[in-house]
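Input: a single structure, listed below in structure tokens.
The values are calculated or read from the model by the stated rules, or taken from the named source; none is laboratory data. These numbers were taken from a predicted model, which means no experiment stands behind them. Quick reminder, even Gly has a Cβ in these numbers, built from the backbone with ideal geometry, and neighbours come from all protein chains shown. Just the protein is used for accessible areas: all its heavy atoms, side chains included, with ligands, DNA and RNA removed. Shrake-Rupley method; radii C 1.70, N 1.55, O 1.52, S 1.80 Å.
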Amino acid sequence: MGIEIEDKFDVTAEYEIPDLSGLAEIVGPKTYQLVALYYDTPDLRLASRGVTLRRRRGGADSGWHLKLPKAKGARQEITRPLTRSTKIVPAELAELVRAFTRGAALRPVAQLDTRRSVTVLFDGDTRLVEVADDRVKGTVFGVEPMVVRWREVEAELLEGGDKALLAKVGKRLRKAGATPSASSSKLAKLLEPAPLPKALTEPGTAGEIVVAYLAGQVAALLSQDPRVRRAEDDAVHQMRVAARRMRSALKAFKTVVTGTDQLQDELRWVGAVLGEARDLEVIRARFGKALDGLAPELVTGPIRARLGADLLEREQEAYERIKEALSGERYYTLLDSLDALVSVPKLGKAAAKPAQKRLSAIAAANWDRVTRAYDTAQAIEDPERREIAMHDVRKAAKRARYTAEALRPTLGDTMVKLAELSEGIQEILGTHQDGVVAQETLEKEAGKARQAGEDTFTYGLLVGLERGTAERAHAEFPKVWAQTVEAVNKVL
């Protein structure tokens with residue numbers, strides 16, 4: 001797997017690659033003949049999302065290549081060795097695009113035959129930038145195959161280069177007559193898939209702002225799906241956050257986008273599916289850090305194995321359940337519903353109102369929910385029930401934060417401050433809650449260790465540390481709450 005960073009240029013048949021000397025040592029050009037077979041669903045679901053899946057022969061990197069959008073100018077590329085079959089996509093790669101195919105079959109849709117002339121910029125033995133001059137014959141399969149020919153130039157950043165050098169190469173290519181390509185890939189130039197449908201909202205309205213925010217979160221969730229399937233670092237967390245942000249927005253902006261109760265339930269479901277692995281991931285890292293902070297003589301028995309390997313095994317089992325859920329019809333239906341949400345949303349009367357006035361009122365109303373939840377919790381005499389009710393304060397603060405963050409591009413500094421203040425309440429309550437949960441986990445693991453005849457001294461030590469963390473957060477909360485309420489009153 002790697003991150004592909006390249007600049008693509010359209011050139012004429014008569015274009016001449018400029019002299020690149022002076023930028024680095026030049027090696028080449030060397031010519032290759034490449035044959036790439038591209039796979040997609042019949043309705044081009046991959047191409048419409050900027051995803052390419054191909055089987056390529058020839059050149060220095062023959063094999064299967066899956067390219068996933070990551071950021072402007074960069075794509076995540078996953079490669080696998082070449083297989084004999086041209087009909088069957090390797091199972092691992094097919095799995096990684098399930099969020100886009102949603103059960104539809106993959107089949108060859110196009111072929112690119114490319115005569116590539118490659119020049120590489122070196123610093124000693126280190127490759128910096130590759131310039132590829134491609135003469136392409138593209139064939140679109142169908143009842144009557146369509147053939148298109150063109151020429152293009154790519155400048156790709158290699159492992160030893162930097163973006164400054166890539167920019168200098170691009171400048172010389174443009175000065176010689178190259179123009180930045182309007183297509184993100186050769187396949188996009190050849191197939192030209194229909195753009196994803198967008199909602200018809202009036203500029204400057206609440207509807208426009210809210211739907212655009214939701215579309216961004218849908219894209220974020222989809223972009224994390226392949227990373228979750230590969231169990232990449234922080235992927236589950238980011239996908240879960242996207243689901244939570246959408247659910248929070250649908251609640252907060254229910255007068256703008258209506259009829260989303262069932263969708264909210266499904267987002268809660270996928271968040272719960274992701275949550276098990278994420279929670280185990282966090283608590284395993286938490287215990288590892290705590291043990292690393294203790295003097296060696298205070299760490300007794302096989303506690304690292306029990307709090308590390310045992311929890312890791314449970315985490316891996318949770319990942320398997322995630323993969324199963326993300327490959328099922330319920331998940332595909334959710335993704336279809338999210339597509340419909342941002343293309344043909346059900347808009348309420350509030351959607352047509354000016355964004356500034358309507359959305360400011362919604363942000364204020366969501367902070368009011370936090371204060372009402374706090375007042376309700378404080379009115380409960382029983383300490384245990386009061387602590388449970390304070391969890392509702394934390395959830396309300398998280399919703400207020402997400403709402404403010406959604407409105408930050410439109411309403412500016414006021415929402416930046418409100419988001420920060422809401423996050424402060426969320427974090428201190430979360431610190432207390434995490435400490436309580438950690439104690440419960442430690443007590444359960446200590447019980448297992450005791451039954452196995454293991455020394456449980458260090459478990460008691462860790463429980464004490466977690467109790468101290470939770471109690472400090474509990475003691476600090478009244479002061480933090482008073483300061484936050486005063487600050488919010490100044491910005492709203």
- prompt: Helix 457-491: angle to the longest alpha-carbon principal axis of the chain, degrees 0 to 90, nearest 10?
  reply: 80
- prompt: Points 7 angstrom from Cα along the Cβ direction at Glu16 and Lys395: gap in nanometres?
  reply: 7.1
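Tell me, what is a quarter of the convex hull surface for the C-alpha atoms of the stretch 172-250, in nm² with one decimal?
On the way: hull surface 36.4 nm².
Averaging across all directions leaves 9.1 nm² for the Cα convex hull.
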- prompt: Hey, rough spin-label estimate for Val282 and Leu312, points 7 angstrom out along Cα→Cβ, what's it come to in nanometres?
  reply: 2.2
query: Taking the highest mean first, how do the peptides 197-204, 257-264 order by number of other beta carbon atoms within 10 angstrom per residue?
result: 257-264, 197-204
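Calculate the FRET efficiency for Ala220 and Ala164 from the Cβ-Cβ distance with a Förster distance of 30 Å, rounded to the nearest 0.05.
Values: r = 29 Å, r/R0 = 0.98.
Calculated transfer efficiency: 0.55.
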message: Please report the spacing between the Cα centers of the stretch 396-472 and the stretch 6-83 in Å, no decimals.
response: 45
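Using a 1.4 Å probe and counting only protein heavy atoms, arrange Thr205, Thr86 so the residue with the most accessible area comes first. Working shown, then result.
On the way: Thr205 15, Thr86 60 Å².
The residues order as Thr86, Thr205, largest area first.
Protein chains only, probe 1.4 Å: how do Leu106, Leu462 rank by accessible area, largest first? Walk me through the numbers on the way to the answer.
Values: Leu106 35, Leu462 5 Å².
Final ranking, largest accessible area leading: Leu106, Leu462.
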task: Return the distance in nm (one decimal) between the two label points of a simple spin-label model at Val416 and Lys357, each offset 7 Å from Cα along Cα→Cβ.
output: 2.7
query: From the backbone phi of the stretch 267-280, what are the Karplus-calculated ³J(HN,Hα) couplings (6.51 cos²θ - 1.76 cosθ + 1.60, θ = phi - 60°) in whole Hz, Gly and Pro given as x?
result: 5, 5, 4, 5, x, 5, 4, 6, x, 4, 5, 4, 5, 5
- prompt: When you count, for each residue, the other Cβ atoms within 10 Å and take the mean per peptide, how do 230-242, 443-455 rank with the highest first?
  reply: 230-242, 443-455
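Sequence gap at least 6, Cα distance under 8 Å: using those rules, report the relative contact order of the stretch 423-477 to the nearest whole percent.
55
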- line: Reported to the nearest 10 Å², Glu156 has, with a 1.4 Å probe, an accessible area equal to 40
- prompt: What is the chain's relative contact order, in percent, from Cα pairs under 8 angstrom and six or more apart in sequence?
  reply: 13
query: Do any of Lys398/Lys444; Lys251/Lys323; Lys87/Lys198; Lys67/Lys289 go past 32 Å between their Cα atoms, and which?
result: Lys87/Lys198; Lys67/Lys289
task: Keeping the other protein chains in place, figure out the carbon and sulfur percent of the accessible area of the chain, with a 1.4 Å probe.
output: 51
message: Leaving ligands and nucleic acids out of the surface, order Arg80, Arg306 by accessible area at 1.4 Å, largest first.
response: Arg80, Arg306
query: How high is the relative contact order of the stretch 340-492, in percent, with contacts defined as C-alpha pairs under 8 Å that are six or more residues apart?
result: 20
- line: Residue by residue through the stretch 348-353, the couplings from Karplus 6.51 cos²θ - 1.76 cosθ + 1.60 with θ = phi - 60°, in Hz, x for Gly and Pro, are x, 4, 5, 5, 7, 7
message: For a quick check of understanding: with a 1.4 angstrom probe and all protein chains in place, what accessible area in square angstrom does Lys346 have, to the nearest ten?
response: 130
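Quickly estimate the mean residue ellipticity at 222 nm for the chain, helices only: each DSSP H run with n ≥ 4 gives -39500 (n - 2.57), and the total goes over all residues, rounded to 500.
Numbers: 14 runs with 264 residues, N = 492.
Calculated mean residue ellipticity at 222 nm is -18500 deg cm²/dmol.
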query: Which option, [x] 22.3, 70; [y] 27.3, 84; [z] 22.9, 78, is the value of Rg and Dmax of the Cα atoms in Å that was calculated from these coordinates?
result: [y]
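Evaluate the charge dipole of the chain about its Cα centre and quote only its size in Debye, nearest 20, assuming +1 on the Cβ of each Lys and Arg and -1 on the Cβ of each Asp and Glu. All intermediate terms of the calculation are to be shown ahead of the outcome.
Working: 77 positive and 72 negative charges, 329 e Å.
That gives the chain a dipole magnitude of about 1580 debye.
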statement: Rounded to the nearest 0.05, FRET efficiency between Val147 and Asp455 (Cβ-Cβ, R0 60 Å) equals 0.20
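What does the accessible area per residue of the stretch 92-210 come to in Å², with a 1.4 Å probe and no ligands, DNA or RNA counted? Write down the numbers at each step before the final one.
Values: 6020 Å² over 119 residues.
For the stretch 92-210, the per-residue accessible area is 51 Å².
Express in nm, to one decimal, how much length is gained between Gln433 and Glu324 on full extension, taking 0.36 nm for each residue of separation and deducting their alpha carbon distance.
Details: separation 109, 0.36 × 109 = 39.24 nm, distance 2.98 nm.
Contour length minus the Cα-Cα distance gives 36.3 nm.
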